Amino acid sequence: MSDPQIIGGLEGVLVTETRLSKVEGAAGVLTIGGFPLEELAPNATFEEVLHLLWFDRLPTASELEELRAELAGLRTIPEPTTDLLKAAALKKLPTMDALRMGVDTLTLADADPSDVSSEADMIRVKSITARIPTVVATYWRLLHGQDPVPPDPEIRHAANYLYMLQGEKTHTDAVRALETYINSVVDHGMNNSTFTSRVIISTRSDIVSAVVGAIGSLKGPLHGGAPGPALDMVFEIRARADASGKDIQEEADIWAREVVEGGGRIMGFGHRVYTVRDPRADVLGTAAVKLFEGVDDTALYDDATAVEEVVLDVLAELKPDRSIKTNVEFYTALVLHGVGMESDLFSPTFAVGRVGGWTAHILEQIAEARLIRPRAAYSGELDRVWLPIEERGNGGSRGG
Ligand code: ACO
């Protein structure tokens, strides 16, 4: 029997069923927990979205308050986690690395790591989701020589994250924009980090390990690491335009051609599943414009949309066989910059949202109880002959 065909990058391969989100790549439609993204993301609180994903329905008012209070009660991180973050800050590690290391220590917050009951797993899911913002914000402040701000149990998840980062209560437009962002990225089919978390938990490993693995996956620039470079691109093109006196469109055209003709990739464009514009880009674009109009400064937004238009034209011309459109990361950068975050916080903030999806998928995978274990077609040599080391000469063992 011949080996089945290899599907590179598992492109288009169905590996499981999920009720969490549906990604329709050709139509540019994203459904989360049964709701169109455009309806859910700008209206829901993050706690409502978590309830939807974890329990498969929107909460009533009292259930929502119960979940909010429960998560708020879990926000404090263990002391050794803070100590580790201090050590990471001394080395000035990127925030994403500190997040990965910090989340690993959350086993210390587990009352009984050997308890594998579904009740204990649910507490773990809530505990990790509640604590990730605290790990990020604590590290961020330590990195900048500031004392960490303890979580405020009275305010919502998104508002508290900004509060712990910035040390003061932020205006409601910024909180709404951040909440729209974390809702938009909470889940997205079988993306790489979600798949990673399911692969890990499918071995009956633990939930902390599955989330740590997912963070490692999200860090890469082909997944969650793109928004920082996407924003840098807009800044760089603006700087070039200011220096040359050319308009930003002309500089964007030169810049995009340089990158693509040099074999590089433009961050914030292209997607494995979407062949049309990523619907999250529209939702975040709307959130970004509201935010910038609120503070009466749309200069960056105007630059970004001008750059986007030119990049799309250049990609269409230079990669005519591909349909490379704007992805979520491009407008992520604008929204997060607009709420006052620096680019090193973009990927960790993606994790603050995506952990809702990871944990819901982990629960689905635990229920599915099936080890994920694909195969590889062997392409190495066969029938090599073993030679003792003294008989191998300098050429190693290539057989006799
Ligand atoms: N800029 C330039 N060329 C691109 C881009 C891009 N952003 N995206 C794809 N291409 C080109 C590739 O160079 C390749 O060209 P070739 O066939 O001439 O060699 C072709 O399109 C196909 O590329 P693949 O990597 O095979 O396509 P894939 O489906 O794996 O791409 C990916 C998806 C990895 C996201 C890609 O579009 C990319 O690298 N984008 C930039 C990084 C980015 O924005 N990542 C965030 C993604 S969204 C998220 O994960 C949350």
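Here, each number is a calculation from the coordinates, and none is a lab measurement. These numbers come from a predicted model, not from an experiment. Positions of Cβ are backbone-derived with ideal geometry, glycine not excepted, and every protein chain shown enters the neighbour counts.
Using a Cα-Cα cut-off of under 28 Å, which lysines could be cross-linked to Lys325, ignoring same-chain neighbours fewer than 8 residues away? Within the straight-line cut-off, Lys325 pairs with Lys22, Lys219, Lys246, Lys290. With contacts taken as Cα pairs under 8 Å at a separation of at least 6 residues, the chain carries a relative contact order of 22 percent. Beta bridges per DSSP, both residues in the chain: antiparallel share near 90 percent.
With both labels modelled 7 Å from their Cα along Cα-to-Cβ, the Thr275 to Ile7 distance reads 1.6 nm.
As a rough footprinting exposure proxy, the listed residues Glu250, Glu390, Glu48 were ranked by other beta carbons within 10 Å of their own, and the order from fewest upward is Glu390, Glu250, Glu48. Short-range pairs are left out: with C-alpha atoms under 8 Å and at least six residues apart, the relative contact order of segment 227-338 is 43 percent. As a rough footprinting exposure proxy, the listed residues Arg57, Arg131, Arg375, Arg265 were ranked by other beta carbons within 10 Å of their own, and the order from fewest upward is Arg375, Arg57, Arg265, Arg131. From the residues Gly340, Ala299, Val211, which one has its Cα farthest along the dipole of the chain in the positive direction, the dipole being from +1 and -1 charges on Cβ of Lys/Arg and Asp/Glu about the Cα centre? Of the candidates, Val211 comes out farthest on the positive side. Backbone geometry of segment 61-66 corresponds, through the Karplus equation with coefficients 6.51, -1.76 and 1.60 at θ = phi - 60°, to 3J(HN,Hα) couplings of 4, 6, 5, 5, 5, 4 Hz, x marking Gly and Pro. By other beta-carbon atoms within 10 Å, ranking Lys86, Lys126 with the fewest at the front produces Lys86, Lys126. Place +1 on the Cβ of every Lys and Arg and -1 on the Cβ of every Asp and Glu in the chain, take the dipole about the Cα centre, and give the residue among Gly167, Ala226, Ala281 whose Cα lies farthest towards its positive end. Checking the options against the dipole of the chain, the answer is Ala226. Charge dipole of segment 144-303 (Cα centre as origin; +1 on each Lys and Arg Cβ, -1 on each Asp and Glu Cβ, all else neutral): 920 debye, rounded to the nearest 20. Using just its DSSP H runs of length 4 or more, each adding -39500 (n - 2.57), the chain gives a mean residue ellipticity at 222 nm of -18000 deg cm²/dmol after division by all residues. Taking a straight Cα-Cα cut-off under 18 Å and skipping sequence neighbours fewer than 8 places away in the same chain, the aspartates and glutamates within cross-link reach of Lys86 are Asp97, Asp104, Asp147, Asp344. Quick one: Cα centre-to-centre distance for segment 326-400 and segment 1-80, in angstrom? Using only Cα atoms, the two centres lie 21 Å from each other.
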